[in-house]
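Encoded as structure tokens, the structure appears first; notes follow it.
The values are calculated or read from the model by the stated rules, or taken from the named source; none is laboratory data. Worth saying up front: this structure is predicted, and the values here are computed from it rather than measured. Counting neighbours? That spans all protein chains shown, and the Cβs are built from the backbone with ideal geometry, glycine included.
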Amino acid sequence: METTDWLVTEAGDCLPCEAPEDDDFPAQPYRLYRFLTEVEDILNEYQDDLARLRAIRPRVRRLLVSSDWLQGEYRDPDPKTGWSVVMLYDEPDFPLTVQMVAWSPGCVSPIHNHGTWGVVAIVGGEEKNTLWRRSPTSQHPDRLERAGDRTFVPGEIVSFLPDAIHCVEPLGDEPTITFNLYGKTDFDRRFEFDAIAHTARKF
């Protein structure tokens, strides 16, 4: 079975995960409402983020394989900001946010973590992720060191632990389109980092 799923850890490691084949899924449609309900059940069943991501990744793949309408559910990036977000689902007091995100080539995100688990599926274009890890010193408690980079292509699914640190850069001539699923953010753990000044601020 070909591996096209990945897990990014707080140490900056990008670990391969076994991915189901498209043919493994039942033929009947897999609706967004059913996906959301199953993910909520997973969150109630597992408290460990690794176990949650292991159970959620195949459902993200099944949703994208089964729901062709999602592939076009995005807006072209804003010419001023270089990106756009279409919120597919965001309900108060529900522990999930579902988005379609489009990035223009030439844009680079800040270095950041998410303060929650996340799953990102590449729908179109290519996305380079530069990965970082904390490397504190007594003088610079928020110092980072670069852990490497990896380019993800359509069909790949990347999951992130809450303290995984990365920055994102679209590659090529076309926007990068991604399906993004996030848990409930702990804003006390969500930071934007400056790798030159060795600082972190709430993000």
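Select from the stretch 43-93 the residues that are among the polar types (S, T, N, Q), surrounded by fewer than 12 Cβ atoms within 10 Å (Cβ to Cβ) and at pLDDT below 95 and list them in ascending order. Residue satisfying the conditions is T81 alone. So which residues in the stretch 167-202 are closer than 29 Å to T37 by Cα and either of a type outside the set (S, T, Y) or in contact with a helix residue (DSSP H, G or I) (Cβ under 9 Å, 6 or more places away or on another chain) (or both)? Within the stretch 167-202, I177, F179, N180, L181, G183, K184, D186, F187, D188, R189, R190 qualify.
Just one of (1) part of a loop (DSSP other than H, G, I, E, B); (2) out of contact with any Leu (no Cβ under 8 Å at 6 or more places or on another chain) fails for N129. It is (1). Residues that are of a type in the set (A, V, I, L, M) and modelled with pLDDT under 95 were ranked within the stretch 1-31; the one that is surrounded by the fewest Cβ atoms within 10 Å (Cβ to Cβ) is A27. Selection over the stretch 147-161 of residues that are crowded, with 18+ Cβ neighbours inside 10 Å and not aliphatic (A, V, I, L, M) gives a count of 4. Restricting to the stretch 127-144, and then to whatever is out of contact with any Phe, Trp or Tyr (no Cβ under 7 Å at 6 or more places or on another chain) and either among the charged types (D, E, K, R) or modelled with pLDDT under 95 (or both), can you tell me which residue is nearest to R75 (Cα to Cα)? Residue satisfying both the conditions and the ranking: K128. The condition of being part of a strand (DSSP E or B) and touching a residue at least 60 places away in the same chain (Cβ under 8 Å) holds for only one of V119, V123, V108, that being V119.
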